[in-house]
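As structure tokens, the structure follows; a few thoughts come after it.
The values are calculated or read from the model by the stated rules, or taken from the named source; none is laboratory data. Please read these numbers as outputs of a predicted model, since none were measured by experiment. All Cβ positions, glycine included, derive from the backbone under ideal geometry; neighbour counts span all protein chains shown.
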Amino acid sequence: MEEKKKVSEAQMRATAEYEKKNYDKVLVRFPKGTKERIKEVNDSLNGFIVSAVIEKLEREA
């Protein structure tokens with residue numbers, strides 16, 4: 001049985017284009033176990049990393 005797509009192809013393209021225009025994507029690698037440590041402190045892994053980087057940038061500016 002084939003499942004229905006929840007998001008149309010057009011919506012996926014629009015989202016990809018929006019992200020390309022508005023965000024920088026960066027691959028970050030951490031030692032094993034770091035992700036779990038972050039999730040213990042904050043539910044949002046991405047939000048935690050973004051906050052930490054911005055905080056560090058502001059301190060160093």
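Key figures
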item: Number of positions in the range 22-61 that are surrounded by 10 or more Cβ atoms within 10 Å (Cβ to Cβ) and of a type in the set (A, V, I, L, M); result: 7
item: Breaking point among (1) at pLDDT 95 or above; (2) within 18 Å of the chain's Cα centre (by Cα), for Glu60; result: (2)
item: Near pairs, Cβ below 8 angstrom, 6+ apart or cross-chain, from the range 43-61 (of a type outside the set (D, E, K, R)) to any residue that is surrounded by 10 or more Cβ atoms within 10 Å (Cβ to Cβ); result: Leu45/Lys35; Leu45/Ile38; Leu45/Lys39; Phe48/Ile38; Phe48/Asn42; Ile49/Ile38
item: Subset of the range 1-21 [surrounded by 10 or more Cβ atoms within 10 Å (Cβ to Cβ) and more than 27 Å from Ala52 (Cα to Cα)]; result: Gln11, Met12, Arg13, Ala14
